[in-house]
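Here the structure is laid out as structure tokens; the discussion comes afterwards.
Only the coordinates and a few stated rules stand behind these numbers; no lab work does. Quick caveat: nothing in here was measured; it's all calculated off a predicted structure. Glycine gets a Cβ as well: all are built from the backbone with ideal geometry, and neighbour counts include every protein chain shown.
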Amino acid sequence: QVQLVESGGGLVQPGGPLRLSCAASANPFNTLSMGWHRPAPGKQRELVATATKSGTTNYADSVKGRFTISRDTADNTIYLEMNSLKPEDTAVYYCNAQAYGGSWPGTRAFWGQGTQVTVSS
């Protein structure tokens, strides 16, 4: 089973930067994509940013130009560089991986436990 562990969250002032990390288990597996999600107020998790194995990245309109997602060559770790943070960015950020090649059929989604990001003065 794939384990995802997020880190890097914390309290930051508006306009400041923060860098999140998500480390995946070293067990053999493959990923179609990895990314970050966060809950919207009163809603389920929404996509923040994703990165495919081919290097294609996608961003939510609300973070485009401010956040940057990256991944290592082994697909074991992804990062989310957040800049110009706003109070509305405050949320628990969850790492997600769409994985295959393990002891499950097809492709399965795995989620980390989340890391809290609080943007406040």
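So the values come out like this:
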{"item": "Test: residue in the range 26-34 that is in contact with a helix residue (DSSP H, G or I) (Cβ under 9 Å, 6 or more places away or on another chain), within 20 Å of Gly114 (Cβ to Cβ) and in contact (Cβ under 8 Å) with a residue 24 or more places away in the chain", "result": "no"}
{"item": "All strands (runs of 3 or more DSSP E) inside the range 1-120 with 2 or more residues being surrounded by fewer than 13 Cβ atoms within 10 Å (Cβ to Cβ)", "result": "10-12"}
